[in-house]
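All remarks here apply to the structure that follows.
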Amino acid sequence: MKEIKNILELVQARESSHEKFAIAQVVNVEGSSYRREGARMIVFESGIFEGGISGGCLEGDTLKRSQLAILKQEPSLVTYDTSKEHEIGVSLGCNGVIDVLMIPVTPKSDTLRILKKCASERRSHVIVTITSVKDPQESLKLGSSFYFNTKSKVLEQMPESKFKRFVMDSIGLVINNGRSEKFHYESSELEAGVYIELIPAPFHLAIYGDNYDVYPMLEFAKVLDWEISLVGNMQKLTKGKIQSVQNIYHKGFEEKPQIDDRTAIILMAHDFKTDSANLKEALKSPSPYIASLGPKKRFDKMMKTFEEQGMVLSEEDKERIYAPSGLEIGANTPEEIAMSIFSEILSVFSGKKGGMLKYKSGPIHDRN
């Protein structure tokens, strides 16, 4: 989502220039690639661009091809084979085949409107993009995008047809599987490739604490473009350092953060009684990650106190409590500890072990 927001911010910043632009997007990857499906970059006719579709090896050629698409005002699909010497004259060596779709953005296209919708609300979004098409009736165009509203379950702007029913069924599969996928439709009237992109809600970080060590946590969350909620005594915190916090809740007040299954909770009041009370409340939420800072002895004492109070935790609840919290990377300073905890949060949300990639067998990314 951060890449989409950066693109929209650049469009707004350059609006007065009236410069034409295109959006290049990775719509298919076979094998290895630095970026996966969904990666975007925006290219202006002057050569200014934002975002990326690779580790830097494809951007130069994609920029030129996007400028050509802008000039022709026609979308184009380019396939890069990074496993061998490519026609752009660089030995890329990523051992993958990457399809990049360059779409000129015009006042009539829905591209920007759809991206703005995705950036406007913290929830999941679905974008349907036509990546190839053979349509004698020309009812579909290469690069056309359609927005599926995950609240209303409506696929906007697409007329009723057998193809739409196919797309709706495919959207259901994407949502159930929790990942973007490619589909191919073929009938006597139409043949089309479709990339259905699931954009999940950004992660949400809920911090319960008001000491100096919350600041690195806030900075990491800001860089990652996570929504942030902070609960504590605001008089103890420096106002200039909490400007990135979208939701502030005063300690002791009834109003609390809205917690969902994409929320990570960090309990860092450094007060045993306060952290214990906050843990009890956190366990009522659907959060898959609840961190309790401090040594294991402190957490064991907390669990013993709970048992004495007649509160017995289920195995599921024990699994989602991380105490001590963070990956073992030798973290010492507040900044290093924040890095350790954020790495652990990402590993939990992605269902990974959090080990060293050099010891991983098989590909780094899951492949369709």
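Per-residue answers, yes or no, for (1) modelled with pLDDT under 90; (2) under 21 Å from Glu219 (Cα atoms); (3) assigned by TED's automatic domain parsing to the domain that holds Met268:
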| residue | (1), (2), (3) |
| --- | --- |
| Ser314 | no, no, yes |
| Lys318 | no, no, yes |
| Ser325 | no, yes, yes |
| Glu335 | no, yes, yes |
| Phe342 | no, yes, yes |
| Tyr359 | yes, no, no |
| Pro363 | yes, no, no |
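Screening the candidates Arg165, Arg113, Arg122 for the property of being closer than 26 Å to Ile53 by Cβ, out of contact with any Lys or Arg (no Cβ under 8 Å at 6 or more places or on another chain) and without any contact (Cβ under 8 Å) to a residue 40 or more places away in the chain yields one hit, Arg113.
Annotation note: Cβ proximity below 8 Å between a residue of the range 53-65 that is outside the structural domain of Ile42 (by TED's automatic domain parsing) and a residue that is assigned to a loop (DSSP other than H, G, I, E, B) and modelled with pLDDT of 85 or more (sequence gap 6+ or interchain) occurs for no pair. For the range 24-32, the criterion of being surrounded by 19 or more Cβ atoms within 10 Å (Cβ to Cβ) and in a loop (DSSP other than H, G, I, E, B) is met by none of the residues.
When you look at Ile207, is it under 29 Å from Ser120 (Cβ atoms) and modelled with pLDDT of 95 or more, yes or no? Break it down stepwise before answering.
Values: under 29 Å from Ser120 (Cβ atoms): yes; modelled with pLDDT of 95 or more: yes.
Answer is yes for this residue.
Are any residues in the range 142-177 of a type in the set (D, E, K, R), closer than 30 Å to Glu9 by Cβ and surrounded by 13 or more Cβ atoms within 10 Å (Cβ to Cβ), and if so, which ones? Matches in the range 142-177: Glu156 only.
Each residue in the range 34-52 was checked for being over 21 Å from Ile199 (Cβ atoms), in contact with an Asp or Glu (Cβ under 7 Å, 6 or more places away or on another chain) and not aromatic (Phe, Trp, Tyr), and 2 of them qualify.
So that you can scan it fast, the table gives a plain yes or no per residue for (1) out of contact with any Asp or Glu (no Cβ under 9 Å at 6 or more places or on another chain); (2) of a type outside the set (S, T, N, Q); (3) within 30 Å of Ile114 (Cβ to Cβ):
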{"residue": "Pro200", "(1), (2), (3)": "yes, yes, yes"}
{"residue": "Phe203", "(1), (2), (3)": "no, yes, yes"}
{"residue": "Tyr212", "(1), (2), (3)": "yes, yes, no"}
{"residue": "Phe220", "(1), (2), (3)": "no, yes, yes"}
{"residue": "Val223", "(1), (2), (3)": "yes, yes, yes"}
{"residue": "Ile248", "(1), (2), (3)": "yes, yes, no"}
{"residue": "Lys296", "(1), (2), (3)": "yes, yes, no"}
{"residue": "Thr305", "(1), (2), (3)": "yes, no, no"}
{"residue": "Met311", "(1), (2), (3)": "yes, yes, no"}
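Taken over the range 295-332, the criterion of being crowded, with 18+ Cβ neighbours inside 10 Å and small (Gly, Ala, Ser) is satisfied by Ala323, Ser325, Gly326. Do we find a residue being under 21 Å from the mean Cα position of the chain (by Cα) and among the β-branched types (Val, Ile, Thr) anywhere in the range 204-212? Checking the range 204-212: at least one residue is under 21 Å from the mean Cα position of the chain (by Cα) and among the β-branched types (Val, Ile, Thr). Report the residue count in the range 324-360 for those that are under 17 Å from Asp213 (Cα atoms), aliphatic (A, V, I, L, M) and in a loop (DSSP other than H, G, I, E, B). Number satisfying all stated conditions: 1. Annotation note: Cβ proximity below 7 Å between a residue of the range 221-235 that is in contact (Cβ under 8 Å) with a residue 60 or more places away in the chain and in the same structural domain as Glu255 (by TED's automatic domain parsing) and a residue that is surrounded by fewer than 20 Cβ atoms within 10 Å (Cβ to Cβ) and charged (D, E, K, R) (sequence gap 6+ or interchain) occurs for Asp225/Lys2; Asp225/Lys5; Glu227/Arg122.
The values are calculated or read from the model by the stated rules, or taken from the named source; none is laboratory data. Predicted, not measured: the structure shown is a model, and the values here were computed from it. For neighbour counting, all protein chains shown are included, and Cβ atoms are generated from backbone atoms with ideal geometry for every residue, glycine included.
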